[in-house]
Amino acid sequence: MAGKESMKDNGKTPQGRITERQELRRQVAEVVLSTPVIDIHTHLFPPEFGGKNLFGIDELLTYHYLVAEMFRSAAVKPEVYWGLSKTEQADLVWQTLFVENTPLSEAARGVITVFNALGLNANARTLSEAREFFQRQDPQSYLDRVLEMARVDAVVMTNDLFDPKEMQLWETRPNVDRRFSSTLRMDRLLNQWKQTSERLAQRGYAVDEHLSGRTIAQLRSYIDAGIERMKPLYMAVSLPDDFRFPTGDVRNRIINEVVLPTARAHNLPFALMIGVRRGVNPALRAAGDGLGRADVGAIERLCFENPDVRFLATLLSRENQHELCVAARKFSNLMPFGCWWFLNNPSIVAEITNERLELLGTSFIPQHSDATVLEQLIYKWQHSRRVIADCLCNSYEQLFDAGRTVQRLEIERDVARMFSGNFRAWVGMCSSAKLETELLPEGTDAVSVR
């Protein structure tokens, strides 16, 4: 048994196996906090995209997480708030949530984490110091600094193939920062087909809302051209909680006749983000969306009917998480990822991560930031890493109690797999066999850590 092994003073056996819980926790925390991550789903853009590259205190404070919370405490009506300038909005959020109230929520605490990381005064009563700091920043060098602080090696953007303004940027062939990869967002195609078909028709494409005639072929041609230009890692869509598959509706037809054939033709995974209920309170705008429980059976049927397509999935309802884990056990072409949106709170992240470790081992992607503002990378990854480290420690300790110890090399391999390896293999950045070798430190092999 593990507890019977001879031990050195540092809590390890001569073979390097960790046998003391305190030493185990120290090493797991060290590995998790230092291992680089691929942030597989964000809404970030590099400086080459101009105004889409959002950073700074005003953007951070006026993000919808904090705006929704502010309305619970401030005596201001939504129509008055939306009439303010962004600077005035940020000042109101700061005064309400950080001066008049203690910033205990995850989103508010995240801002404090950012302030602390950047050396700003988190107890300040005004934003003058913070604004001066951000005004001094050069976008490129500041991007480098934030990515390094967050230990993020690569960022996956959300790119809207059906947004004319964004496509104008791509048509200029921008020299995109190599750390930023693209995805094809299919929301307008799958959720707003009538409006999208009208816009495409106005641009000269032979499409109509009934999917008749050359519509399918024209859509495939349009998407193929976008893939050639943008080189995406996967396709993605955010779907409402009432999404069902299969049905005879237009959305299902486009999935079957456009999206899935495109996935096969280009070897692209398809990411399903399900559970959004848009505009629960329209007066709050982006802050007014809610959530609902999804039909996991729809994902199972997609996986069953399309075994040659790889799916990524994240669901917005806490009640769906166990079902998703079980579905992933049954379908090897399904990869659960992240704790999305309303789930990105430490207590829920811990619950979901523990559940996934118990059911899936390390064959999942534990987190993504969903960041829209650059500084969100700092707090979302700092907070998530701490929770993930605790969850891994729990799993290793249970293994310890069952009679097996672990080595530092195994911890490094496990964390690297969850933080980047699973995603790289899933999107075809490397083969599974090559990945196993790459995840091991130099000079070791798979056999030595078994």
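Filtered by the rule that a residue be under 13 Å from residue 397 (Cα atoms), at pLDDT 60 or above and surrounded by fewer than 16 Cβ atoms within 10 Å (Cβ to Cβ), the stretch 1-22 gives 21, 22.
Put simply, of 352, 299, 348, 274 the only residue that is out of contact with any Pro (no Cβ under 6 Å at 6 or more places or on another chain), assigned to a strand (DSSP E or B) and either in contact (Cβ under 8 Å) with a residue 60 or more places away in the chain or aliphatic (A, V, I, L, M) (or both) is 274.
For the stretch 234-264, filtering for residues that are part of a helix (DSSP H, G or I) and touching a residue at least 12 places away in the same chain (Cβ under 8 Å) leaves 13. If you go through the stretch 355-394 and pick out every residue that is part of a helix (DSSP H, G or I) and not acidic (Asp, Glu), you end up with 22. With respect to being at pLDDT 95 or above and part of a helix (DSSP H, G or I), residue 314 falls outside the description. Taken over the stretch 48-68, the residue count meeting the criterion of being over 11 Å from residue 111 (Cβ atoms) and either open to solvent by 30 Å² or more (accessible area, probe 1.4 Å) or in contact (Cβ under 8 Å) with a residue 60 or more places away in the chain (or both) is 14. Cβ-Cβ contacts under 8 Å between residues 6 or more apart (or on different chains), taken from a first residue in the stretch 282-293 that is among the acidic types (Asp, Glu) to a second residue that is surrounded by 17 or more Cβ atoms within 10 Å (Cβ to Cβ), are listed as 289/276.
Hydrophobic (A, V, I, L, M, F, W, C) and open to solvent by 30 Å² or more (accessible area, probe 1.4 Å) - does that describe any residue in the stretch 362-373? Within the stretch 362-373, none of the residues are hydrophobic (A, V, I, L, M, F, W, C) and open to solvent by 30 Å² or more (accessible area, probe 1.4 Å). Does residue 293 satisfy being at pLDDT 95 or above, surrounded by 13 or more Cβ atoms within 10 Å (Cβ to Cβ) and of a type in the set (Lys, Arg)? Taking the combined requirement at face value, the residue satisfies it. Could you list, in sequence order, all residues of the stretch 94-105 that are assigned to a helix (DSSP H, G or I), open to solvent by 20 Å² or more (accessible area, probe 1.4 Å) and closer than 26 Å to residue 384 by Cβ? Within the stretch 94-105, just 98 meets the criteria. In this structure, does residue 356 turn out to be basic (Lys, Arg) and in contact with a Phe, Trp or Tyr (Cβ under 6 Å, 6 or more places away or on another chain)? So residue 356 fits the description; yes.
Would you mind stating whether residue 60 is closer than 30 Å to residue 407 by Cα and in a helix (DSSP H, G or I)? For residue 60, the condition - closer than 30 Å to residue 407 by Cα and in a helix (DSSP H, G or I) - is not met. When the stretch 306-358 is filtered for residues that are under 17 Å from residue 385 (Cβ atoms), more than 17 Å from the chain's Cα centre (by Cα) and either hydrophobic (A, V, I, L, M, F, W, C) or surrounded by 22 or more Cβ atoms within 10 Å (Cβ to Cβ) (or both), only 357 remains.
All of 283, 271 fail the test of being open to solvent by 10 Å² or more (accessible area, probe 1.4 Å) and over 25 Å from residue 209 (Cβ atoms), apart from 283. Consider the stretch 146-176. How many of its residues are over 27 Å from residue 115 (Cβ atoms), in a loop (DSSP other than H, G, I, E, B) and either in contact with a helix residue (DSSP H, G or I) (Cβ under 6 Å, 6 or more places away or on another chain) or open to solvent by less than 60 Å² (accessible area, probe 1.4 Å) (or both)? So the count comes out to 5.
Considering each residue of the stretch 186-193 in turn, at least one proves to be open to solvent by 70 Å² or more (accessible area, probe 1.4 Å) and either among the charged types (D, E, K, R) or not in a helix (DSSP H, G or I) (or both).
Scan the stretch 392-446 for residues that are open to solvent by less than 30 Å² (accessible area, probe 1.4 Å) and modelled with pLDDT under 90 and the total you get is 5. Summed over the stretch 111-139, the residues that are open to solvent by less than 30 Å² (accessible area, probe 1.4 Å), outside any loop (DSSP other than H, G, I, E, B) and within 17 Å of residue 66 (Cβ to Cβ) give a count of 6. All of (1) under 22 Å from the mean Cα position of the chain (by Cα); (2) open to solvent by 40 Å² or more (accessible area, probe 1.4 Å) hold for residue 143 with one exception: (2). Only residues that are at negative phi and either touching a Leu at 6+ places or on another chain (Cβ under 9 Å) or small (Gly, Ala, Ser) (or both) were counted in the stretch 254-304, giving 35. Here the condition is being among the acidic types (Asp, Glu), in contact with an Asp or Glu (Cβ under 9 Å, 6 or more places away or on another chain) and open to solvent by 50 Å² or more (accessible area, probe 1.4 Å); of 228, 209, it holds for 209 alone. Residue-level check: of (1) on the phi > 0 side of the Ramachandran plot; (2) part of a strand (DSSP E or B); (3) free of Cβ contacts under 8 Å to residues at least 40 places away in the same chain, residue 336 misses just (1).
The values are calculated or read from the model by the stated rules, or taken from the named source; none is laboratory data. Note that this is a predicted model, so its numbers are computed, not measured. As a convention, Cβ positions derive from the backbone with ideal geometry for all residues, glycine included, and neighbour counts pool all protein chains shown. Ligands, DNA and RNA are excluded from the accessible area calculation, which covers all protein heavy atoms including side chains. Shrake-Rupley method; radii C 1.70, N 1.55, O 1.52, S 1.80 Å.
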